[in-house]
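Take a look at the structure set out below.
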Amino acid sequence: MTTALVCGAGGFIGGHLAKRLAAAGVRVRGVDLKAHAYAPWPGEAFTIGDLRDPRVADAAVTPDLDAVYQLAADMGGAGYIFTGAHDAAILHNSAMCNLNVLEACRRHGVPRIFYSSSACIYPEGIQQDPRNPGLREADAYPAQPDSDYGWEKLFSERLYLAYHRNCGIAVRIARFHNVFGPEGDFDGGREKAPAAICRKVAGAADGGEIEIWGDGEQTRSFLYIDECLEGVARLMDSDFTGPVNIGSDELISINGLARMTAEIAGKRIRLRHVPGPLGVRGRRSENSLIAERLGWRPTRPLREGMERTYRWIEARLRAG
Ligand code: NAD
């Protein structure tokens, strides 16, 4: 692959992906509503543009591209996607990006497109147990995601699969599970649990207290950004369309994540449980399919990624 476009390149995963592609010698272009907040652009052209506008998508997706990575989405952590207050915006904005980018790929003959779906597509009913044995790809149907963010992702998965069947575009669909790492939002309301906990612990005194939403016994599996990108690269190089989980199978409760972070910080921290948006009770990636089809699965321990993420957030806070 020589030339690629990253949609959502001003965001957390898109920014890291652009860096990885550029380091591999790919000519990378990017498009996003905003420039990246924490990292310089590593590639060729970066365009500020709104992909809800079909003319912007049409100008960004040029016929010389070997691949498009579509990561642009109206998204955030539980404080953004689970309150219900942003459902119309999420459905409208993200669907418009996907409709426009895919149609531009078809019109300009782009041979291959990656789409970042989410673990949020899985049915709410099978995620009530905090010891979740793991969500298999086939569990998606009959569908009952717990958020409109998840419904949009499921609709868009179907959209990509339909373009693949009807228009001959090679599509690659990954369901990301809670990706985290440095150079992502850690405040402002859209941050996700690992970054929010790092920020709270970094801001607390030794012996102090931080707030945790709910009883903190809800569980998740969190995937470090480098492993996520390795999975994306392997999926793009493969002949497997997906959808496939790209997630860790190391399950931890939110209380456990907070205790791990306090340990990394070398602080004694008390947890104060307060009401807040929670999402499902237990969610974990099941990785048989990725192992079988790509000969690989994420394996690095959560703690390693949390140490890097904590150090980065702590340094940003100290720098003001
Ligand atoms: P992010 O919010 O950091 O990045 C998304 C980017 O899309 C942002 O920079 C945003 O400005 C851009 N964008 C939004 N609307 C746009 C528009 N109309 N036009 C142009 N750009 C627009 O999120 P992220 O964590 O980097 O996630 C990237 C992708 O991966 C998203 O599609 C997300 O749904 C998916 N995903 C992420 C996770 C995760 O844990 N981070 C989990 C599952 C799925």
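The values are calculated or read from the model by the stated rules, or taken from the named source; none is laboratory data. It should be emphasised that the depicted structure is a prediction, and the values quoted were computed from it without experimental measurement. Neighbour counts run over all protein chains shown; Cβ positions are idealised from the backbone, glycine included. Ligands, DNA and RNA are excluded from the accessible area calculation, which covers all protein heavy atoms including side chains. Shrake-Rupley method; radii C 1.70, N 1.55, O 1.52, S 1.80 Å.
The chain: longest stretch without exposed trypsin sites (Lys or Arg not before Pro) (DSSP loop, at most 14 other Cβ within 10 Å), sites themselves excluded?
Details: sites that count: LYS34, ARG131, ARG268.
Answer - 132-267.
Over the Cα atoms of the range 2-53, Rg to Rh with Kirkwood Rh, two decimal places?
Details: Rg = 9.9 Å, Rh = 10.6 Å.
Rg/Rh for the range 2-53 comes to 0.94.
Please state, as a whole number in µm²/s, the translational diffusion coefficient that the Stokes-Einstein equation yields for the chain at 37 °C and 0.692 mPa s, with Rh defined as the Kirkwood radius across alpha carbon pairs. The partial results should precede the final answer.
On the way: Rh = 19.9 Å.
The diffusion coefficient I find is 165 µm²/s.
Based solely on C-alpha atoms, express the radius of gyration and the Dmax of the range 1-89 in angstrom.
Values for the range 1-89 (Cα only, Rg and Dmax): 13.7, 42 Å.
Based on alpha-carbon centroids, what's the gap between the range 300-314 and the range 120-194 in Å, whole number please?
Value for the Cα centre distance between the two parts: 24 Å.
Tell me, what are the semi-axes, in whole angstrom and largest first, of the equivalent ellipsoid of the range 184-320 as set by the roots of 5 times the Cα gyration tensor eigenvalues?
Numbers: eigenvalues 179, 56, 31 Å².
Semi-axes (√(5λ), whole Å): 30, 17, 13.
For the range 261-320, what class follows from the C-alpha gyration tensor (a ≥ b ≥ c being the square roots of its eigenvalues): rounded when a/c is under 1.5, otherwise prolate if a/b is larger than b/c, else oblate?
Values: a/c = 2.67, a/b = 1.52, b/c = 1.76.
Verdict is oblate for the range 261-320.
Taking +1 at the Cβ of each Lys and Arg and -1 at the Cβ of each Asp and Glu, which of LEU21, TYR80, LEU159 sits farthest along the dipole of the chain towards its positive end, judged by Cα position relative to the Cα centre?
LEU21
Under unit Cβ charges (Lys, Arg +1; Asp, Glu -1), what dipole magnitude, rounded to 20 debye, does the range 229-284 have relative to its Cα centre? Each step should come with its number before you reach the end.
On the way: 9 positive and 6 negative charges, 142 e Å.
The calculated dipole for the range 229-284 is roughly 680 debye.
Which residue fluctuates the most in the chain, going by a Gaussian network model with Cα springs under 10 Å, if the choices are GLU191, GLU286, GLU44?
Looking only at GLU191, GLU286, GLU44, the largest GNM fluctuation is found for GLU44.
For CYS167 and ARG318, FRET efficiency with R0 = 51 Å and r from the beta-carbon atoms, rounded to 0.05? Write down the numbers at each step before the final one.
Values: r = 51 Å, r/R0 = 0.99.
With R0 = 51 Å, the Cβ-Cβ based efficiency is 0.50.
What part of the accessible area of the range 36-189, given as a whole %, is carbon or sulfur when the probe is 1.4 angstrom?
Details: 3440 of 6370 Å².
In the range 36-189, the share of accessible area belonging to carbon and sulfur is 54 percent.
Rounded to the nearest 10 degrees, what's the angle between the helix 254-265 long axis and the longest principal axis of the chain, both from Cα atoms, 0 to 90?
Compared with the principal axis, the helix lies near 80 degrees.
Using square roots of five times the C-alpha gyration tensor eigenvalues, list the equivalent-ellipsoid semi-axes of the range 130-223 in whole Å, biggest first. Mind showing how you got there, number by number?
Values: eigenvalues 239, 55, 26 Å².
Semi-axes (√(5λ), whole Å): 35, 17, 11.
Angle, helix 12-23 long axis vs. longest principal axis of the chain, Cα atoms, 0 to 90°, nearest 10?
60
Keeping all protein chains in place, calculate the accessible area per residue for the chain (probe 1.4 angstrom), answer in Å². Intermediate values should be presented prior to the final figure.
On the way: 13290 Å² over 320 residues.
Per residue, the chain has 42 Å² of solvent-accessible surface.
Quick one: angle between helix 193-203 and the longest Cα principal axis of the chain, in degrees between 0 and 90, rounded to 10, please.
Here the helix axis deviates by roughly 50 degrees.
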